[in-house]
1. Taking Val29 as meeting all but one of (1) more than 42 Å from the chain's Cα centre (by Cα); (2) surrounded by 11 or more Cβ atoms within 10 Å (Cβ to Cβ); (3) among the β-branched types (Val, Ile, Thr), write down the number of the exception.
2. Filtering segment 122-158 down to residues that are among the polar types (S, T, N, Q) and at pLDDT below 80, which residue is surrounded by the most Cβ atoms within 10 Å (Cβ to Cβ)?
3. So which residues in segment 32-77 are of a type in the set (Phe, Trp, Tyr) and not in a helix (DSSP H, G or I), if there are any at all?
4. Pairs under 9 Å by beta carbon, first residue under 20 Å from Thr18 (Cβ atoms) and surrounded by 11 or more Cβ atoms within 10 Å (Cβ to Cβ) in segment 72-86, partner aromatic (Phe, Trp, Tyr) and at pLDDT 85 or above, six or more apart or different chains?
5. Could you please find all residues in segment 46-104 being among the small types (Gly, Ala, Ser) and closer than 30 Å to Trp28 by Cβ?
6. Can you confirm whether segment 78-86 contains a residue that is part of a helix (DSSP H, G or I) and acidic (Asp, Glu)?
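The values are calculated or read from the model by the stated rules, or taken from the named source; none is laboratory data. Please read all numbers here as calculations on a predicted model, not as lab measurements. All Cβ positions, even for glycine, are placed from backbone atoms using ideal geometry, and neighbour counts span all protein chains on display.
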Amino acid sequence: MKSMISSITDNVRARLKTPLIGAFIFSWVAIHVKGVSVFLLVDTQTKIEILRNKDWLLWGDVIFPLILSVAYLIVLPLVNLLYDRFESGWLTPQRLAISRNKTVAQVRAETDYIRDFEYNNLSALINGKKELSEAVDKLSDVVEEFGNNLTKDNEEKF
(Lines give C-alpha, C1' and ligand atoms only; values in the text may rest on other atoms or scores of the structure.)
Protein backbone atom coordinates (compact mmCIF):
# COMPACT_ATOMS: atom_id res chain seq x y z
CA MET A 1 0.00 0.00 0.00
CA LYS A 2 2.82 2.39 0.89
CA SER A 3 4.57 1.70 -2.41
CA MET A 4 1.37 2.46 -4.32
CA ILE A 5 0.89 5.80 -2.51
CA SER A 6 4.56 6.60 -3.04
CA SER A 7 4.21 5.80 -6.74
CA ILE A 8 1.13 8.02 -7.04
CA THR A 9 2.79 10.94 -5.23
CA ASP A 10 5.91 10.62 -7.38
CA ASN A 11 3.77 10.59 -10.50
CA VAL A 12 1.82 13.67 -9.34
CA ARG A 13 5.07 15.52 -8.55
CA ALA A 14 6.51 14.68 -11.96
CA ARG A 15 3.35 15.91 -13.69
CA LEU A 16 3.22 19.12 -11.69
CA LYS A 17 6.82 19.90 -12.60
CA THR A 18 5.99 20.14 -16.30
CA PRO A 19 5.65 23.80 -17.30
CA LEU A 20 2.24 23.60 -18.97
CA ILE A 21 0.50 21.85 -16.08
CA GLY A 22 2.18 24.08 -13.50
CA ALA A 23 1.22 27.21 -15.44
CA PHE A 24 -2.34 25.90 -15.88
CA ILE A 25 -2.72 25.26 -12.15
CA PHE A 26 -1.23 28.66 -11.36
CA SER A 27 -3.61 30.45 -13.74
CA TRP A 28 -6.64 28.45 -12.55
CA VAL A 29 -5.87 29.32 -8.93
CA ALA A 30 -5.30 32.96 -9.90
CA ILE A 31 -8.71 33.10 -11.58
CA HIS A 32 -10.48 31.33 -8.72
CA VAL A 33 -8.52 32.84 -5.84
CA LYS A 34 -11.63 33.81 -3.88
CA GLY A 35 -13.13 30.34 -4.09
CA VAL A 36 -9.83 28.64 -3.28
CA SER A 37 -9.27 30.85 -0.23
CA VAL A 38 -12.79 30.18 1.04
CA PHE A 39 -12.27 26.46 0.40
CA LEU A 40 -9.05 26.46 2.41
CA LEU A 41 -10.54 28.34 5.36
CA VAL A 42 -13.73 26.34 5.97
CA ASP A 43 -14.21 23.07 7.82
CA THR A 44 -14.27 19.64 6.17
CA GLN A 45 -18.04 19.30 5.96
CA THR A 46 -18.34 22.63 4.16
CA LYS A 47 -15.51 21.65 1.79
CA ILE A 48 -17.44 18.51 0.83
CA GLU A 49 -20.56 20.62 0.31
CA ILE A 50 -18.63 23.11 -1.90
CA LEU A 51 -17.20 20.30 -4.04
CA ARG A 52 -20.63 18.67 -4.50
CA ASN A 53 -22.26 21.96 -5.52
CA LYS A 54 -19.46 23.12 -7.83
CA ASP A 55 -20.57 23.63 -11.42
CA TRP A 56 -17.59 23.00 -13.69
CA LEU A 57 -17.69 25.30 -16.70
CA LEU A 58 -15.72 24.63 -19.85
CA TRP A 59 -14.89 28.28 -20.50
CA GLY A 60 -14.12 29.47 -16.95
CA ASP A 61 -12.44 26.31 -15.67
CA VAL A 62 -10.56 25.01 -18.72
CA ILE A 63 -10.27 27.35 -21.70
CA PHE A 64 -9.54 30.65 -19.98
CA PRO A 65 -6.88 29.18 -17.63
CA LEU A 66 -5.37 27.35 -20.62
CA ILE A 67 -5.17 30.61 -22.59
CA LEU A 68 -3.54 32.32 -19.60
CA SER A 69 -1.05 29.50 -19.12
CA VAL A 70 -0.08 29.53 -22.82
CA ALA A 71 0.30 33.30 -22.64
CA TYR A 72 2.44 32.86 -19.55
CA LEU A 73 4.61 30.23 -21.22
CA ILE A 74 4.91 31.76 -24.71
CA VAL A 75 4.08 35.46 -24.67
CA LEU A 76 5.98 36.34 -21.51
CA PRO A 77 9.29 34.86 -22.75
CA LEU A 78 8.79 36.63 -26.10
CA VAL A 79 8.27 39.93 -24.33
CA ASN A 80 11.38 39.21 -22.27
CA LEU A 81 13.37 38.51 -25.45
CA LEU A 82 12.11 41.71 -27.04
CA TYR A 83 13.12 43.65 -23.95
CA ASP A 84 16.58 42.06 -23.96
CA ARG A 85 16.93 42.93 -27.64
CA PHE A 86 15.80 46.49 -26.95
CA GLU A 87 18.13 46.84 -23.99
CA SER A 88 21.22 45.41 -25.67
CA GLY A 89 20.53 46.96 -29.06
CA TRP A 90 19.48 50.48 -28.15
CA LEU A 91 19.36 51.20 -24.42
CA THR A 92 22.85 50.02 -23.43
CA PRO A 93 24.63 51.93 -26.24
CA GLN A 94 22.68 55.05 -25.24
CA ARG A 95 23.73 54.63 -21.61
CA LEU A 96 27.35 54.10 -22.65
CA ALA A 97 27.26 57.20 -24.86
CA ILE A 98 25.85 59.27 -22.00
CA SER A 99 28.48 57.90 -19.65
CA ARG A 100 31.23 58.56 -22.20
CA ASN A 101 29.98 62.14 -22.71
CA LYS A 102 29.95 62.69 -18.95
CA THR A 103 33.50 61.38 -18.70
CA VAL A 104 34.70 63.59 -21.56
CA ALA A 105 32.97 66.58 -19.97
CA GLN A 106 34.60 65.80 -16.62
CA VAL A 107 38.04 65.55 -18.21
CA ARG A 108 37.51 68.82 -20.05
CA ALA A 109 36.30 70.51 -16.87
CA GLU A 110 39.32 69.20 -14.96
CA THR A 111 41.76 70.39 -17.65
CA ASP A 112 40.04 73.78 -17.72
CA TYR A 113 40.28 73.97 -13.93
CA ILE A 114 43.98 72.98 -13.97
CA ARG A 115 44.73 75.48 -16.73
CA ASP A 116 42.93 78.29 -14.87
CA PHE A 117 44.63 77.31 -11.61
CA GLU A 118 48.08 77.33 -13.22
CA TYR A 119 47.33 80.62 -14.98
CA ASN A 120 46.28 82.20 -11.69
CA ASN A 121 49.44 80.86 -9.98
CA LEU A 122 51.58 82.11 -12.85
CA SER A 123 49.87 85.51 -12.68
CA ALA A 124 50.51 85.63 -8.94
CA LEU A 125 54.19 84.79 -9.50
CA ILE A 126 54.55 87.45 -12.19
CA ASN A 127 52.84 90.03 -9.97
CA GLY A 128 55.09 89.01 -7.05
CA LYS A 129 58.16 89.36 -9.26
CA LYS A 130 57.04 92.83 -10.36
CA GLU A 131 56.44 93.86 -6.75
CA LEU A 132 59.85 92.54 -5.71
CA SER A 133 61.55 94.30 -8.64
CA GLU A 134 59.83 97.55 -7.72
CA ALA A 135 60.83 97.12 -4.08
CA VAL A 136 64.45 96.42 -5.11
CA ASP A 137 64.42 99.50 -7.36
CA LYS A 138 63.06 101.64 -4.51
CA LEU A 139 65.65 100.25 -2.13
CA SER A 140 68.38 100.90 -4.70
CA ASP A 141 67.18 104.47 -5.04
CA VAL A 142 67.12 104.89 -1.25
CA VAL A 143 70.62 103.44 -0.92
CA GLU A 144 71.90 105.65 -3.74
CA GLU A 145 70.31 108.73 -2.24
CA PHE A 146 71.67 107.80 1.14
CA GLY A 147 75.12 107.35 -0.39
CA ASN A 148 74.94 110.77 -2.03
CA ASN A 149 74.02 112.42 1.25
CA LEU A 150 76.88 110.88 3.23
CA THR A 151 79.75 112.89 4.40
CA LYS A 152 83.28 111.80 3.80
CA ASP A 153 83.55 110.22 7.25
CA ASN A 154 80.51 108.18 6.80
CA GLU A 155 81.44 107.41 3.22
CA GLU A 156 84.46 105.46 4.31
CA LYS A 157 82.31 103.51 6.69
CA PHE A 158 79.73 102.99 4.08
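1. Failed condition: (1).
2. So the residue we want is Asn154.
3. Trp56
4. Tyr72/Phe26
5. Gly60, Ser69, Ala71
6. Yes: segment 78-86 contains one or more residues that are part of a helix (DSSP H, G or I) and acidic (Asp, Glu).
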